[in-house]
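Each value in this text was obtained by applying a stated rule to the coordinates, not by laboratory testing. Model, not experiment: these values are computed from the prediction. For neighbour counting, all protein chains shown are included, and Cβ atoms are generated from backbone atoms with ideal geometry for every residue, glycine included.
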Amino acid sequence: MNSGRIFGMALLGAVLGTAAIGAAQAADPPLKVGLLEDVSGDLAFMGMPKLHGSQLAVEEINKSGGILGRQIELIHLDPQGDNARYQEFGRRLLNRDKVDVLIGGITSASREALRPIVDRTSTPYFYTNQYEGGVCDASMVSMGAVPEQQFSTLIPWMVQKFGKKVYVIAADYNFGQISAEWNRKIMKDLGGEVVGEEFIPLGVSQFAQTIQNIQKAKPDWLLTINVGAAQDSFFEQAAAANLNLPMGSSIKVMLGFEHKRFKPPALNNMHATANWFEEIDTPEANDFKKRWHAKFPDELYINDMGYNAYNALYMYKALVEKAKSTKLEDMRKVIATGDACIDAPEGKVCIDPKSQHTSHRMRLISVGPKHEVTVEKDYGTIQPYWLGEIGCDLTKKNDKDQYTPSHLPSKS
Amino acid sequence: MSAELFSLFYQFADVFAFLILSAAGLAIVFGMMGVINMAHGEFIMCGAYVTVGLVNLGVPLPIAQILAALTAGIIGMIVELLIVRRFYKRPLDSLLATWGLSLIVTQSMLLIVGSAVRGIGTPEGSFAIGGYTFSTYRLVLFGCAVAVLAGLYIIFMKTRFGVIARATMQNAAMAKALGARTGRIYSISFGIGTALAGLCGALYAPTMTLIPTMGATFVVESFVTVVIGGANVLLGTAPAAVFLAMIRMALNASYGQIIGQIGMLFAVILIIRVLPEGLSSVLVRRGR
């Protein structure tokens, strides 16, 4: 009997001990990562890889011990491409769920809708798309490529190879308008000529008139910064009308994988500068692609936004672990040292202290008649230098503004 | 000069075809039955997806397109039987019911088929006039739009079904009293309407990106055409499409797509302000 009682006590002790260990773990709650990505609506085909990239990174980080020993809890909401929902869900994640970091947004319109809400909190926000550049805001870290990495490489190359006359087709919202402004500035510096610019309302899918306007203007090449599934119909219709002009873009191929969605040769002769495209053939990139496709076998294409979304979580991990804190101000102290770097599948990328944008290894790619992708030129690592040059310095002053070539910081 | 003239015609034909093909189905369902079918865009999407699916299975494009239109028509008749029929006396509720259907279908397609489907490519063929090159397929679309109008004219003006259908439209109770099976008339009319929506999707499928929400790109144009056209398909929708196509073509050519779209919608506001019953109210009155 006695031995039985002792055994019972031991068992009780063991149970309590386990409970105590459980309690110790519960005292270290998971880090909450708020994610806003469209997985329904018009941009779902681009947003889906962003969700997948985030899920893959969270799974990998959790398996290897989390961040500072804490697991990550991913809270994803689907704003369905609606900017008002971005704001509503953004408030919900920041104020109710009290997330430690907010990630996401596809269009520049959704980012600008979110930014004022993020700015009222002390939560860091990661924007993971390539975009038109210029946001100088201490709350935001930009993981994607910007015009000095994409347009300052692509446009001179296109001018040299195809000629000085360009026609621009752009989506009619802040991304398209500001990207077109960048093109005007760079073309002017190169002595080129913008023979036409057409801004297209989102959702427009018929381009017969645009195609004729282009033929009337007789450009040497086209800059296509049209956005969304409806506007992408341009490529099919231009090919059917035998327009046959070289094209350049900052968002085609690696972002919208039009070369996978359209039947060849609709995307023939398209050129783009990218920090990531699935056809990159390096050991690190191949390893990354293998892990991705193992988890998501049905993925049509790993696009650059999905890749940047994956990197964002690793960058967040690096910042938190170096700062030994999840507070934005402590993380920004790490960024200010210039030592906020990770080894990404494209190579080493670092956050620039002045602008909080990311350096990237840029390559110029072209699409052939069978939609095969070729690397035309490797630019190596390019810093996001433009904001720093025009006077944005987040280590000294938080402007909370977006600058463009025609809207520069006032000199004070 | 002749190149410029042809270009004007081609652009007009292109916008006209888009308006007629996207609006015809909606106009029939609205004109015949007074039902505003908010799932119209989803029947267009259905036509497009069936076409691409069949072409990928090796079916020749024109046959795939006809089968896609028939599929949309049959699904439409099933939807009429299960849902729309219950709402004939409650037009506002039918609007809500079809809208709900539209949301369910879009989201289900996203979950089942995925967010994007690879396109099939436009049938080859282009020709050059002056400095311009044109896609032959766009003229085929124009031909189809004219054929749809001619077909509707024959069905509704020259057949026995058409006579009974028009009688049902004017006074359903009296038609029923005279022995017309109005329930079947409604079912067939709804089927014709959704088959035309499916045909629109089938015809535009090769020229577009296929995503579950693609119907939405047709919906604005189809609704404004029906709204300013009024309840009569032949005397309303067709003149409305001619009128809107002229405005849009002229503005697109001179000022680009943004002004083209703004101008078209502005014209719509003006017309419904002056003619609340739509263009057909004037034309039908003249005809009497």
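A few remarks follow.
- Note, ³J(HN,Hα) from phi for the range A:310-325, Karplus 6.51, -1.76, 1.60, rounded to Hz, x at Gly and Pro: 4, 4, 4, 5, 5, 5, 4, 4, 4, 5, 5, 6, 6, 7, 6, 7
- For chain A, relative contact order (Cα pairs under 8 Å, six or more residues apart, normalised by length) works out to 18 percent.
- Ordering of A:376-386, B:15-25 by burial proxy (mean other Cβ atoms within 10 Å per residue, highest first): B:15-25, A:376-386
- Global geometry of the range B:3-127, whether rounded, prolate or oblate, following the gyration tensor of its Cα atoms and the 1.5 cut on a/c: oblate
- Pairwise centroid distance, computed over Cα atoms, of the range B:137-178 with the range A:56-104, Å: 55
- Springs join every pair of Cα atoms under 10 Å in this Gaussian network model of chain B, and among B:Tyr204, B:Tyr137, B:Tyr255 the largest mean-square fluctuation is at B:Tyr255.
- The range A:371-382 - phi-based ³J(HN,Hα) in whole Hz, Karplus 6.51/-1.76/1.60, Gly and Pro as x: 6, 7, 9, 10, 7, 8, 7, 10, 8, x, 7, 10
- Anisotropy class of the protein assembly as shown from Cα gyration tensor, a/c 1.5 cut: oblate
- Computed [θ] at 222 nm, deg cm²/dmol, chain A (DSSP H ≥ 4; -39,500 (n - 2.57); rounded to nearest 500): -13500 deg cm²/dmol
- Cα-based shape type of the range A:23-175, given that a ≥ b ≥ c are square roots of the gyration tensor eigenvalues and the cut on a/c is 1.5: prolate
- Given charges at Cβ of Lys, Arg, Asp, Glu: the protein assembly as shown dipole, positive-most of B:Gly263, A:Leu74, B:Gly114: B:Gly263
- Mean projected area (nm²) of the alpha-carbon convex hull when chain A is viewed from all directions: 23.2
- Contact order, relative form, for the range B:1-140: 28 percent (alpha carbon pairs under 8 Å, 6 or more residues apart, mean separation divided by residue count).
- Cα extents for the range A:22-81 along the principal axes, largest to smallest and rounded to whole angstrom: 45, 19, 14.
- Taking θ as phi - 60° and the Karplus parameters 6.51, -1.76 and 1.60, the scalar couplings of the range A:91-100 work out to 4, 5, 5, 6, 8, 8, 7, 6, 5, 7 Hz in sequence order, x denoting glycine and proline.
- Each Cα pair under 8 Å and six or more residues apart adds its separation to the average, and for chain B the resulting relative contact order is 34 percent.
- Simple spin-label estimate for A:Leu408 and A:Ala294 in nanometres, 7 Å along Cα-Cβ: 5.1
- For the protein assembly as shown, the dipole from Cβ point charges (+1 on Lys and Arg, -1 on Asp and Glu) about the Cα centre works out to 2020 debye, to the nearest 20.
- In this structure, the amide hydrogen of A:His76, modeled 1.01 Å from its nitrogen in the peptide plane, lies closer than 5 angstrom to those of A:Leu35, counting only residues at least 5 positions away or on a different chain.
- For the range B:51-167, the Cβ-based charge dipole about the Cα centre amounts to some 480 debye (Lys, Arg positive; Asp, Glu negative; other atoms uncharged).
- Beta bridge orientation in the protein assembly as shown: antiparallel %, DSSP, nearest 5: 45
- Counting Cβ atoms of other protein chains within 10 Å of each residue's Cβ and taking the mean over peptide A:212-222 gives 3.
- Cys residues of chain A that find no other Cys beta carbon under 4.7 Å: none at all.
- Modelled FRET efficiency - R0 41 Å, B:Val59 with B:Leu92, Cβ distances, 0.05 increments: 0.50
- For peptide B:120-126, the mean count of partner chain Cβ atoms within 10 Å of a residue's Cβ comes to 4.
- Under 5 Å between amide hydrogens, built in the peptide plane, is the criterion, and for B:Ser126 it picks out B:Thr136 among residues at least 5 positions away or on other chains.
- Translational diffusion coefficient (Stokes-Einstein; Kirkwood radius from C-alpha pairs) of chain B at 4 °C, 1.567 mPa s, in µm²/s: 66
- Mean per-residue shielding of peptide A:224-236 is 4, counting Cβ atoms of other chains within 10 Å of each Cβ.
- Selection from B:Ala3, B:Ala205, B:Ala23 lying farthest towards where the dipole of chain B points positive, charges on Cβ: B:Ala23
- Viscosity 1.567 mPa s, temperature 4 °C, Stokes-Einstein D of the range B:206-288 from Kirkwood C-alpha radius, µm²/s: 95
- Straight-distance candidates among the lysines for linking to A:Lys188, with alpha-carbon spacing under 26 Å and chain neighbours fewer than 8 residues away dropped: A:Lys161, A:Lys164, A:Lys165, A:Lys216, A:Lys218, A:Lys252, A:Lys377, A:Lys411.
- Ordering A:Ser179, A:Ser139, A:Thr107 by the projection of their Cα atoms onto the charge dipole of the range A:41-196, which places +1 on the Cβ of Lys and Arg and -1 on the Cβ of Asp and Glu, puts A:Ser179 at the extreme positive end.
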